[in-house]
C-alpha cells in the first residue's frame with residue numbers, strides 16, 4: 001500500500017514512542033554532566049522541568065521522517081506547473097558544487113575565499129550581460145526582497161533629486177503578485193494600471209495616469225498572462241518623460257532568456273530570481289537567491305557589498321555612492337549563487353539561449369492541446385504566449401459548478417501537482433500553468449489529457465470531481481477551516497494533544 005492509498009493520517013512525532021525509549025547509543029559521561037550542572041545560570045532562565053521531547057528509538061525517528069518525505073511532492077517526483085514560479089528541474093551537480101562552500105565562514109579573511117569572491121564577481125558580470133544592465137549586486141535573498149530593493153532604490157533616487165512629491169508607484173494589474181506589497185512597504189501609494197482587452201498594458205490609461213507624482217512603474221515582461229508587452233518601448237518613453245524609473249520584475253525572465261534583454265526594452269532596474277530562471281531549488285520557505293541590477297545613474301543606488309577585481313585579487317570593496325545599504329547579511333546566499341553558477345556553466349551561452357525558446361515552445365504546445373476544450377477560455381486566444389498561460393475555468397464553473405479549485409484537486413488524484421489557481425485576479429477561475437523547458441513532451445501530453453479527462457467527467461458527473469482528491473493521504477480539506485488562524489500553525493495540533501493528555505504544557 002502506498003501513502004496515496006493509505007486511509008490513515010500520519011501521527012505527530014509527539015504521538016509516538018514510549019516512556020524510557022532512547023534513540024542514541026552514546027553513554028552518559030558523569031564528569032561532563034557534573035561540569036554542566038556546575039555552570040551558574042540565572043534562576044529565571046533555568047528550566048523547571050525536563051525537556052518534553054518525544055522518547056523514540058532511532059528506527060522510529062528514521063521511519064517517521066522518511067514517511068513524511070514520501071508524502072511530499074517536488075520537481076523530482078513529477079511536473080510542478082506552478083504559473084509565475086518557474087519550477088524547473090534542478091540538476092544534481094548543483095548540490096555537489098554547493099557542498100564546496102558549506103564549511104566557509106563569512107568572517108574569513110578575503111585572502112582565504114578568493115575562489116568564492118571570483119564566482120560572485122563572475123555572476124555579477126553574467127547577470128549584467130543577461131539583463132542588459134551595467135552593474136549587479138548579489139545581496140538579494142530572492143524575489144520579494146529584490147522588489148523591495150528595487151523600490152528602495154527608486155525612492156532614494158528621487159530623494160537625491162529632491163523630487164519631494166514622488167509618492168505614487170504604478171503597478172500593472174498583470175504584474176507579479178508581491179509588487180504592490182513591496183511598493184507599499186516603501187511607503188508608496190500603489191496605482192494599478194489596467195490591462196486592455198488583449199491582456200497588455202493599456203497605453204491610454206498609462207498616459208492619463210503618469211504625472212509629476214509618479215516615482216516609477218513596476219512591470220513584468222512577459223507579463224503574468226504569459227504575453228509579451230509589445231508596446232514596451234513606448235511604455236518606457238512615457239515613464240521616462242516624467243523622470244520615472246522603470247522596474248523589471250524578474251519572475252518571468254525565463255520566458256525571454258537568450259532571446260532579448262530587459263535593458264533593450266528601456267528598463268532601469270532589474271531583479272533576477274536565481275531560484276527560478278537559473279534552477280536553484282525553491283525550498284520550503286527557505287532562502288532563495290537573487291540579483292538586483294541597474295544601469296545608468298541607478299547603479300549608484302545598488303545595495304552593497306559588490307565584488308571588484310583589482311590586480312587579479314577580488315575584494316568586497318565597492319560601495320555605490322548612494323547605496324541603499326544591505327538587504328541581506330554578509331555576501332548574500334552564497335550556496336545558491338554557487339548552484340546558479342554551476343547551472344550556467346553547465347549550459348554555456350548556447351544552452352542558455354534555448355531556455356526562453358524551449359519554455360515558449362512547451363507553453364504554446366500545451367495551449368494547442370487545451371485551446372478548444374469546452375469549459376476553458378483564454379484572453380486573446382490568437383496571441384502566442386511566452387513561458388506560461390492562464391486559462392479561465394469560468395465557463396465550466398457556470399455550466400457544472402466545477403471550479404478551478406476542483407480541477408486542481410482532481411489533478412492530485414491523477415498524480416500531478418496542481419497549477420497556480422485564482423491568480424492573477426484579472427482572470428476569473430484562473431488556472432495559471434507554466435510547464436517550463438525541462439518537461440518532456442510525454443509529460444505535457446499526460447498533463448493535458450488529465451485536464452481533459454477532469455473536464456469531461458465534470459460535465460458527466462460534477463459531484464465526482466467535487467469530492468476529489470480521494471487518493472491522497474489527506475482527503476479534501478475544509479478550505480475555510482484550514483485558513484483559520486488556529487489551524488495554520490503547528491500550535492493548534494499541540495494544543496489539541498495537550499487537551500487529550502498526550503503532552504503537557506512546557507514548563
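Residues that are modelled with pLDDT of 90 or more and not in a loop (DSSP other than H, G, I, E, B) do not occur anywhere in the range 34-50. Residues in the range 123-143: is at least one in a helix (DSSP H, G or I), in the same structural domain as residue 312 (by TED's automatic domain parsing) and modelled with pLDDT under 95? Within the range 123-143, one or more residues are in a helix (DSSP H, G or I), in the same structural domain as residue 312 (by TED's automatic domain parsing) and modelled with pLDDT under 95.
For residue 207, the stated conditions hold: it is over 23 Å from residue 423 (Cβ atoms) and either over 26 Å from the mean Cα position of the chain (by Cα) or modelled with pLDDT under 95 (or both). Of all residues in the range 96-105, those satisfying the criterion of being without any contact (Cβ under 8 Å) to a residue 12 or more places away in the chain and assigned to a loop (DSSP other than H, G, I, E, B) are 103, 105.
Which of the helices (runs of 4 or more DSSP H) found entirely inside the range 396-476 contain at least 3 residues meeting this: assigned by TED's automatic domain parsing to the domain that holds residue 377, under 23 Å from residue 177 (Cβ atoms) and in contact with a strand residue (DSSP E or B) (Cβ under 8 Å, 6 or more places away or on another chain)? Correct list: 404-413.
The set of residues in the range 345-378 that are touching a residue at least 24 places away in the same chain (Cβ under 8 Å) and touching a strand residue (DSSP E or B) at 6+ places or on another chain (Cβ under 7 Å) comprises 363, 366, 370, 376.
Against the condition closer than 30 Å to residue 420 by Cα and in contact with a helix residue (DSSP H, G or I) (Cβ under 9 Å, 6 or more places away or on another chain), how does residue 101 come out, does it pass? For residue 101, the condition - closer than 30 Å to residue 420 by Cα and in contact with a helix residue (DSSP H, G or I) (Cβ under 9 Å, 6 or more places away or on another chain) - is not met. Put simply, of 324, 421 the only residue that is within 22 Å of the chain's Cα centre (by Cα) and at pLDDT 95 or above is 421. When you look at residue 365, is it touching a helix residue (DSSP H, G or I) at 6+ places or on another chain (Cβ under 9 Å) and in a loop (DSSP other than H, G, I, E, B), yes or no? Criteria not met by residue 365.
When the residues of the range 288-305 are filtered to those that are more than 18 Å from residue 132 (Cα to Cα) and in contact with a helix residue (DSSP H, G or I) (Cβ under 7 Å, 6 or more places away or on another chain), the one that is modelled with the lowest pLDDT is 288. Per the listing 139, 108, the residue uniquely without any contact (Cβ under 8 Å) to a residue 12 or more places away in the chain and either surrounded by fewer than 16 Cβ atoms within 10 Å (Cβ to Cβ) or in contact with a helix residue (DSSP H, G or I) (Cβ under 8 Å, 6 or more places away or on another chain) (or both) is 108. When the residues of the range 166-197 are narrowed to those that are part of a strand (DSSP E or B) and free of Cβ contacts under 8 Å to residues at least 40 places away in the same chain, which ends up surrounded by the most Cβ atoms within 10 Å (Cβ to Cβ)? Among those that are part of a strand (DSSP E or B) and free of Cβ contacts under 8 Å to residues at least 40 places away in the same chain, it is 193.
With the condition kept exactly as written, say whether any residue in the range 108-115 is within 25 Å of the chain's Cα centre (by Cα) and over 23 Å from residue 245 (Cβ atoms). Checked against the condition, which is being within 25 Å of the chain's Cα centre (by Cα) and over 23 Å from residue 245 (Cβ atoms), the range 108-115 yields no hits at all. For residue 353, the conditions (1) surrounded by 15 or more Cβ atoms within 10 Å (Cβ to Cβ); (2) closer than 24 Å to residue 223 by Cα; (3) within 24 Å of the chain's Cα centre (by Cα) are fulfilled apart from (1).
Here residue 237 does not fit the description of being under 26 Å from residue 86 (Cα atoms) and over 22 Å from the mean Cα position of the chain (by Cα). Kindly evaluate residue 79 against the criterion of being out of contact with any helix residue (DSSP H, G or I) (no Cβ under 7 Å at 6 or more places or on another chain), part of a loop (DSSP other than H, G, I, E, B) and closer than 30 Å to residue 445 by Cα. No, not satisfied. Would you check which residues across the range 291-305 are outside any loop (DSSP other than H, G, I, E, B) and buried (at least 22 other Cβ atoms within 10 Å of the Cβ) and list them? Within the range 291-305, 291, 292, 293, 294, 298, 299, 301 qualify. The residue that is modelled with the highest pLDDT, among those in the range 310-321 that are out of contact with any strand residue (DSSP E or B) (no Cβ under 8 Å at 6 or more places or on another chain) and either buried (at least 19 other Cβ atoms within 10 Å of the Cβ) or part of a loop (DSSP other than H, G, I, E, B) (or both), is 321. In the set (1) within 21 Å of residue 437 (Cβ to Cβ); (2) assigned to a loop (DSSP other than H, G, I, E, B); (3) modelled with pLDDT of 90 or more, residue 272 fails one condition alone, (2).
The values are calculated or read from the model by the stated rules, or taken from the named source; none is laboratory data. All values reported here derive from a predicted model rather than from experimental measurement. Ideal geometry is used to build each Cβ from the backbone, glycine not excepted, and the neighbour counts take in all protein chains shown.
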